[in-house]
Amino acid sequence: MNHPSCTALPADVVAKPHEFRVLTGERPTGPLHIGHYFGSLQNRVRLQNHGVDLIMVIADYQVLTDRDIHGDLSNVVHGLVLDYLAVGLDPDNTTIFVHSAIASLNQLLLPFLSLVSNAELQRNPTVKEEIAASRRDAVSGLMYTYPAHQAADILSCGANLVPVGDDQLPHLELTRTIARRFNQRYARLFPPIEALLSSTPRLIGLDGRDKMSKSRGNTIDIRDSADDTARRIKAAVTDSQRHITFDPQNRPHVANLLRLAALCRNEDPHAVAVQVGNGGAAGLKKLTIEAVNEHFAPIRARRRAFAQDPALVKRILKDGSLRANSLADATLAQVKEAMGMRY
Ligand code: TRP
């Protein structure tokens with residue numbers, strides 16, 4: 001199938017799902033939006049439903065690279081877990097944990113840092129971009145070292161498959177470097193790690209800027225109401241040509257809405273353009289609003305239902321931490337053993 005939302009899983013994952021352990025996750029910076037949904041969440045649900053061992057880290061220490069945390073992080077994390085549940089991630093099959101809760105994961109950072117040079121940490125292109133975009137006066141030590149901490153997220157649980165966007169590739173490369181050096185220097189503990197790149201075309205911001213992001217207010221959150229969704233899409237940048245065509249090169253903003261509607265309806269964006277025909281921007285927006293609201297209605301309803309149970313998220317994170325802790329404890333014990341730290 002060629003529909004954009006039917007991204008196929010790699011053949012080896014489909015054939016042997018039980019040979020894969022996936023670690024993925026994000027920084028808890030706010031509500032998840034439709035870019036996250038089509039770019040990564042749908043794929044995670046697909047992996048989960050295929051029987052892959054899926055582990056998700058809510059990377060709370062990583063948030064400190066670009067902002068000070070002042071008290072509201074638990075709300076953000078709570079909302080994030082509800083977003084996960086709403087889209088179909090199921091804690092009976094998927095492990096969800098906050099990495100500050102896993103002491104042995106964090107302890108792995110020290111031996112891992114000893115395996116990489118300062119120069120390697122400093123030339124990471126994603127880190128460089130984040131420093132350039134940073135709203136802080138000084139660059140913290142964490143900014144340079146969090147990619148090694150991310151390696152600890154991945155290696156502590158023995159993951160061998162990591163779904164990533166382009167921006168995460170340097171971190172994955174560093175993870176491989178750390179694993180390879182550890183295996184060579186001490187003992188062969190860590191498996192080879194594959195990247196799983198999303199093939200969904202990236203949605204750009206509704207304001208026409210290259211990226212959807214919460215801070216720019218140019219996206220739609222999964223948890224938004226139908227009315228908020230309509231308001232945001234009505235305000236989206238388009239162009240003034242009446243006849244709607246799917247032409248990403250010359251009409252990127254129109255193409256973006258067509259892609260969004262197509263993803264929601266599991267159709268081809270060209271076919272959606274034909275349906276709008278001479279309806280112009282107004283027709284395109286009307287169709288897109290309906291497509292998004294229809295697709296997300298059951299997801300939003302599920303989210304509201306899960307939110308009724310005030311103890312649910314705590315329970316899920318507790319269970320997730322138990323498993324992540326037991327995996328990371330076992331890894332740390334092997335690492336110490338391999339390094340001769342037997343006392
Ligand atoms: N760096 C990722 C981001 O900013 C979040 C993350 C932390 C992550 N640890 C990870 C992603 C491990 C994949 C695997 O979104």
Exercise. Looking at Ala148, Ala103, Ala86, Ala133, which is the one that is out of contact with any helix residue (DSSP H, G or I) (no Cβ under 9 Å at 6 or more places or on another chain) and either of a type outside the set (D, E, K, R) or under 30 Å from Asp309 (Cβ atoms) (or both)?
Worked result: Ala133
For this session: Restricting attention to helices (runs of 4 or more DSSP H) lying wholly within region 252-343, give those where 1 or more residues are touching a strand residue (DSSP E or B) at 6+ places or on another chain (Cβ under 6 Å).
Result: 312-338
Problem set entry | Scan of region 139-160 for residues that are of a type in the set (S, T, N, Q) and either more than 23 Å from Ala195 (Cα to Cα) or within 12 Å of the ligand (Cβ to nearest atom) (or both), ordered by number | Ser140, Gln150, Ser156
Seminar exercise, completed: Within region 266-323, the residues that are in contact with a Leu (Cβ under 8 Å, 6 or more places away or on another chain) and small (Gly, Ala, Ser) are Ala273, Gly279, Ala291, Ala307
For this session: Kindly indicate which of Asp60, Asp66 is under 14 Å from Ser321 (Cα atoms) and within 12 Å of the ligand (Cβ to nearest atom).
Result: Asp60
For this session: Taking the residues in region 84-106 that are of a type in the set (A, V, I, L, M, F, W, C) and assigned to a loop (DSSP other than H, G, I, E, B) as candidates, determine which candidate is nearest to Asp319 (Cα to Cα).
Result: Ile102
Seminar exercise, completed: Screening Arg176, Arg136 for residues that are loosely packed, with under 14 Cβ neighbours inside 10 Å and either more than 10 Å from the ligand (Cβ to nearest atom) or assigned to a helix (DSSP H, G or I) (or both) leaves only Arg136
Exercise. Could you say which residue among Ala226, Ala230, Ala236 is open to solvent by 20 Å² or more (accessible area, probe 1.4 Å) and not β-branched (Val, Ile, Thr)?
Worked result: Ala226
Problem set entry | Residue match in region 103-121 (condition: charged (D, E, K, R), exposed (fewer than 14 other Cβ atoms within 10 Å of the Cβ), away from the ligand (no atom under 16 Å from the Cβ) and farther than 26 Å from Arg44 by Cβ) | no
Exercise. Given the residues Ser134, Ser213, which is the only one that is farther than 30 Å from Phe296 by Cβ and either out of contact with any Leu (no Cβ under 7 Å at 6 or more places or on another chain) or not polar (S, T, N, Q) (or both)?
Worked result: Ser134
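Table: residues versus (1) over 21 Å from Ser213 (Cα atoms); (2) touching a residue at least 60 places away in the same chain (Cβ under 8 Å).
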| residue | (1), (2) |
| --- | --- |
| Ala11 | yes, no |
| Lys16 | yes, no |
| Leu23 | yes, yes |
| Arg27 | no, no |
| Arg44 | no, yes |
| Gln48 | yes, no |
| Gly51 | yes, no |
| Leu54 | yes, no |
| Val57 | no, yes |
Seminar exercise, completed: Within region 179-201, the residues that are touching a residue at least 60 places away in the same chain (Cβ under 8 Å), open to solvent by 30 Å² or more (accessible area, probe 1.4 Å) and either assigned to a helix (DSSP H, G or I) or touching a Lys or Arg at 6+ places or on another chain (Cβ under 9 Å) (or both) are Arg181, Arg185, Pro201
For this session: Evaluate region 46-64: report whether one residue or more is at positive phi, out of contact with any Asp or Glu (no Cβ under 9 Å at 6 or more places or on another chain) and among the small types (Gly, Ala, Ser).
Result: yes
Exercise. Using beta carbons and a limit of 6 Å, which pairs, at least six apart or on different chains, have the first residue in region 107-127 and in a loop (DSSP other than H, G, I, E, B) and the second one open to solvent by 40 Å² or more (accessible area, probe 1.4 Å)?
Worked result: Leu115/Arg181
Exercise. Quick one: would you say Asp329 is touching a helix residue (DSSP H, G or I) at 6+ places or on another chain (Cβ under 8 Å) and open to solvent by 30 Å² or more (accessible area, probe 1.4 Å)?
Worked result: yes
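The values are calculated or read from the model by the stated rules, or taken from the named source; none is laboratory data. Because the structure is a prediction, the values reported are computed rather than measured. FYI the Cβ positions are ideal-geometry reconstructions off the backbone, even for glycines, and counts take in every protein chain you see. Heads up: the accessible areas ignore ligands, DNA and RNA and are worked out on the full protein's heavy atoms, side chains in. Shrake-Rupley method; radii C 1.70, N 1.55, O 1.52, S 1.80 Å.
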